[in-house]
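Peer 1: If you scroll down you'll find the structure; I have some questions about it.
The values are calculated or read from the model by the stated rules, or taken from the named source; none is laboratory data. Only a predicted model underlies this, so the values are computations on that prediction, with no experimental measurement involved. All Cβ positions, glycine included, derive from the backbone under ideal geometry; neighbour counts span all protein chains shown.
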């Protein structure tokens with residue numbers, strides 16, 4: 001069943017969608033050495049959280065996908081919408097003390113994900129891993145799937161690097177599903193899988 005949602009005039013500005021409606025690689029997608037943090041949101045007001053980060057000059061990212069929606073005239077249109085509404089990623093390119101202050105001042109309930117619940121350290125996503133995750137979230141890729149963190153952890157596979165094709169240079173776990181091979185990239189809270197030929201992949205040398 002196709003997903004149909006009502007049009008919202010604020011959507012285009014919120015998701016940084018150009019007038020053409022076409023997705024472009026986000027300016028945030030760069031391997032600049034700064035790690036990222038995954039934030040779990042305990043409010044349905046994603047737009048308000050995004051605006052708060054923007055006002056505080058915090059660089060953020062969240063995956064989007066194409067869905068069909070019904071406009072005011074009852075016509076079915078095609079546009080971009082968030083993949084999930086309770087997770088957003090922010091770049092840690094300011095001092096941790098300053099970033100914590102911004103998060104504490106946020107009027108909405110947030111939680112920075114940690115590797116282990118009982119530890120104080122935040123789960124940092126490396127610049128390279130986040131860059132590759134963003135590229136794999138390209139909604140123009142048709143054979144792409146999003147899965148939960150729990151599902152990603154259960155996937156068995158080999159850590160590989162893609163050596164040929166449009167995904168050349170990307171790394172992840174080579175997994176199999178329904179007789180097809182996918183490159184799986186895991187980040188705190190979710191995972192993304194993109195179809196790939198296993199012949200284009202070579203196992204990573206583990207230290």
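Peer 1: For segment 21-45: of the residues being within 15 Å of the chain's Cα centre (by Cα) and modelled with pLDDT of 90 or more, which is nearest to residue 188 (Cα to Cα)?
Peer 2: Looking at the filtered set, the residue picked out is 38.
Peer 1: Quick check on residue 205: is it under 25 Å from residue 113 (Cβ atoms) and either surrounded by 12 or more Cβ atoms within 10 Å (Cβ to Cβ) or free of Cβ contacts under 8 Å to residues at least 40 places away in the same chain (or both)?
Peer 2: Taking the combined requirement at face value, the residue does not satisfy it.
Peer 1: Condition (residue is surrounded by fewer than 16 Cβ atoms within 10 Å (Cβ to Cβ) and more than 24 Å from residue 80 (Cα to Cα)) applied to segment 123-141: is it met by at least one residue?
Peer 2: Checked against the condition, which is being surrounded by fewer than 16 Cβ atoms within 10 Å (Cβ to Cβ) and more than 24 Å from residue 80 (Cα to Cα), segment 123-141 yields at least one hit.
Peer 1: Regarding residue 147, is this residue surrounded by 13 or more Cβ atoms within 10 Å (Cβ to Cβ), assigned by TED's automatic domain parsing to the domain that holds residue 180, modelled with pLDDT of 90 or more and within 19 Å of the chain's Cα centre (by Cα)?
Peer 2: yes
Peer 1: Now a separate question. Among the strands (runs of 3 or more DSSP E) confined wholly to segment 148-207, which include 2 or more residues that are under 30 Å from residue 122 (Cα atoms) and touching a helix residue (DSSP H, G or I) at 6+ places or on another chain (Cβ under 9 Å)?
Peer 2: Correct list: 158-162, 171-177, 180-187, 190-195.
Peer 1: Among the residues of segment 31-58, count how many are in a loop (DSSP other than H, G, I, E, B) and surrounded by fewer than 18 Cβ atoms within 10 Å (Cβ to Cβ). Reasoning before the result, please.
Peer 2: Going residue by residue through segment 31-58, those that are in a loop (DSSP other than H, G, I, E, B) are 31-35, 42-45, 56-58.
Narrowing the set further to residues that are surrounded by fewer than 18 Cβ atoms within 10 Å (Cβ to Cβ) leaves 31-35, 42-45, 56-57.
Going through segment 31-58 one residue at a time, the tally reaches 11.
Peer 1: Could you pull out the residue among 194, 160 that is surrounded by 16 or more Cβ atoms within 10 Å (Cβ to Cβ), farther than 27 Å from residue 60 by Cβ and outside the structural domain of residue 35 (by TED's automatic domain parsing)?
Peer 2: 160
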